[in-house]
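Below is one structure, written out as structure tokens; comments come after it.
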């Protein structure tokens with residue numbers, strides 16, 4: 001009986017589950033065979049442990065908040081505020097996706113905002129692809145401002161040595177530049193009238209949450225989490241865990257059936273350690289030398305552009321999380337702005353290949369589940385234009401506001 005249950009569970013696994021498990025297995029084999037020494041593996045796991053705790057709890061928080069209707073209420077409000085104008089809807093959707101990414105992290109935008117926006121497109125009869133591309137692009141390019149916005153920012157916390165408000169004070173101009181370039185690319189490639197296929201849309205009716213108690217508690221928990229984040233009084237994982245605990249508690253009372261093991265992002269919790277082990281192995285066997293030569297030791301403007309280009313390029317070859325960790329060691333300790341430029345590259349640059357960031361992988365899965373497809377050649381081509389423009393603009397803004 002147990003064997004049959006195990007086989008049934010294996011059959012239910014998604015292809016991305018097999019990918020995550022395979023990468024983790026590869027990393028463990030590298031460790032077991034000695035290809036990866038114990039010391040760097042241990043250091044990497046100790047460094048990402050708080051990130052995994054944060055990732056697991058913030059996704060649970062966001063998932064339950066989405067189920068309670070928090071995102072649906074906001075998305076419907078955005079569509080109604082547009083009053084049938086695509087130009088107004090465009091600006092509002094950009095703002096919505098940007099704020100979600102900045103405050104609740106890019107994976108939340110990919111996991112929860114994507115299906116909300118696609119459902120909204122279906123309800124009001126507008127093209128789904130522009131809304132889908134808005135979420136995936138801004139999930140990456142709008143993740144520069146706060147530590148919580150991207151896991152790479154959390155990885156950089158020790159070296160950057162800035163509080164959340166301090167990081168925002170340094171990165172506000174690069175963030176605005178990246179969003180501005182993203183808006184231009186979105187309108188040119190997906191939102192203009194020749195692409196979207198309609199001139200106006202009909203605003204939807206107001207969204208009414210099924211359980212108002214769940215809605216208000218989840219909304220308040222999200223707001224409290226953001227406040228604690230900005231005050232920087234407790235570790236991020238503790239803030240997200242506390243907010244998630246409140247939401248789980250109210251669900252346990254009012255809708256216990258919603259509390260399932262699938263709420264936990266098991267795939268990400270398996271994939272992230274595996275990626276780090278694999279890239280640490282590559283780092284031991286020459287990746288560090290390659291990155292050091294590519295990034296260089298120039299802390300000036302040219303060195304910053306080189307770091308941003310290397311971060312963005314390598315992220316699209318491998319993945320932005322382990323690439324940042326490997327690239328960080330290649331940047332001289334005194335070159336603070338060069339390190340921030342590398343961070344810009346690994347945040348705003350991974351928009352070309354589907355595997356460049358976890359958010360993009362999650363986005364592809366959600367779009368496929370709802371029957372929305374973007375031709376891969378178009379995705380790669382437009383993503384290359386965006387990656388180049390957003391990284392260049394953001395690094396230039398970083399240099400100007402030094």
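The values are calculated or read from the model by the stated rules, or taken from the named source; none is laboratory data. No experiment lies behind these values; they were computed from the predicted model shown. All Cβ positions, glycine included, derive from the backbone under ideal geometry; neighbour counts span all protein chains shown.
Looking for whichever is over 21 Å from the mean Cα position of the chain (by Cα), without any contact (Cβ under 8 Å) to a residue 40 or more places away in the chain and either surrounded by fewer than 16 Cβ atoms within 10 Å (Cβ to Cβ) or more than 21 Å from residue 151 (Cβ to Cβ) (or both) here; the options are 214, 259, 227. Which one fits?
Being over 21 Å from the mean Cα position of the chain (by Cα), without any contact (Cβ under 8 Å) to a residue 40 or more places away in the chain and either surrounded by fewer than 16 Cβ atoms within 10 Å (Cβ to Cβ) or more than 21 Å from residue 151 (Cβ to Cβ) (or both) holds for just one of 214, 259, 227, which is 259.
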Report yes if some residue within the stretch 125-142 is modelled with pLDDT of 90 or more, closer than 30 Å to residue 334 by Cβ and outside any helix (DSSP H, G or I); otherwise report no.
yes
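What residue, of 223, 249, 244, 198, is over 24 Å from residue 50 (Cα atoms) and either assigned to a helix (DSSP H, G or I) or modelled with pLDDT under 85 (or both)?
Working: 223 fails: over 24 Å from residue 50 (Cα atoms); 249 fails: over 24 Å from residue 50 (Cα atoms); 244 fails: over 24 Å from residue 50 (Cα atoms).
Testing whether each residue is over 24 Å from residue 50 (Cα atoms) and either assigned to a helix (DSSP H, G or I) or modelled with pLDDT under 85 (or both) leaves just 198.
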When the stretch 350-374 is checked residue by residue, the ones that are part of a helix (DSSP H, G or I) and at pLDDT 85 or above are 359, 360, 363
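Out of 376, 321, 380, 302, which single residue is on the phi < 0 side of the Ramachandran plot and in contact with a helix residue (DSSP H, G or I) (Cβ under 9 Å, 6 or more places away or on another chain)?
321
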Restrict the check to the stretch 101-120 and report whether at least one residue is in contact with a helix residue (DSSP H, G or I) (Cβ under 9 Å, 6 or more places away or on another chain), in a loop (DSSP other than H, G, I, E, B) and farther than 19 Å from residue 373 by Cβ.
yes
With respect to residue 388, is the statement that it is at pLDDT 95 or above, surrounded by fewer than 24 Cβ atoms within 10 Å (Cβ to Cβ) and either within 30 Å of residue 16 (Cβ to Cβ) or more than 18 Å from the chain's Cα centre (by Cα) (or both) true?
yes
Could you figure out which of (1) touching a residue at least 60 places away in the same chain (Cβ under 8 Å); (2) in contact with a helix residue (DSSP H, G or I) (Cβ under 6 Å, 6 or more places away or on another chain) isn't true of residue 361?
(2)
Output yes when any residue across the stretch 80-98 is surrounded by 21 or more Cβ atoms within 10 Å (Cβ to Cβ), within 22 Å of residue 242 (Cβ to Cβ), within 22 Å of the chain's Cα centre (by Cα) and touching a residue at least 12 places away in the same chain (Cβ under 8 Å), and no when none is.
no
Verdict on residue 58 being surrounded by fewer than 24 Cβ atoms within 10 Å (Cβ to Cβ), in contact (Cβ under 8 Å) with a residue 60 or more places away in the chain and closer than 30 Å to residue 248 by Cα
no
For the stretch 168-187, pairs from a residue that is closer than 12 Å to residue 395 by Cα to a residue that is outside any helix (DSSP H, G or I), with Cβ under 6 Å and 6 or more apart or across chains, are 171/144; 171/145; 173/401; 174/144; 175/144; 175/145
